[in-house]
Amino acid sequence: MPTDPGKLLVTVGIIIAVAGLLVMAVQKTGFSDLFGWFGNLPLDFRIKRNNVSFYFPLGTSIVLSIILSLLLYFFNKFIL
């Protein structure tokens with residue numbers, strides 16, 4: 001892992017760009033149902049009134065937090 005802040009930012013940027021390209025590729029191939037659950041979990045609050053709409057993705061945030069925590073744990077345990 002780079003110790004220089006500039007190298008770290010470039011590395012994180014490359015990882016984000018690759019993730020974005022993968023999401024775009026999944027959408028182009030027709031597997032967009034793969035992300036159909038995203039934003040539609042039971043703890044995702046969606047309130048719509050006359051002129052106001054409010055959306056708070058609590059369930060999705062919890063699931064993403066667990067997935068990212070596990071990925072980073074295994075990355076740290078086996079790669080570093």
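The values are calculated or read from the model by the stated rules, or taken from the named source; none is laboratory data. These numbers were taken from a predicted model, which means no experiment stands behind them. Quick reminder, even Gly has a Cβ in these numbers, built from the backbone with ideal geometry, and neighbours come from all protein chains shown.
Observations, loosely collected:
- Top-ranked residue in the stretch 35-58 [being of a type outside the set (A, V, I, L, M) and closer than 21 Å to ALA19 by Cβ; ranked as surrounded by the most Cβ atoms within 10 Å (Cβ to Cβ)]: PRO57
- Figure legend. Inter-residue proximity from the stretch 55-80: first residues under 27 Å from PHE45 (Cβ atoms), second residues among the hydrophobic types (A, V, I, L, M, F, W, C) and at pLDDT below 85, beta-carbon distance below 7 Å, spacing 6+ or different chains. Indicated pairs: GLY59/LEU41; THR60/PHE38; THR60/LEU41; VAL63/LEU41.
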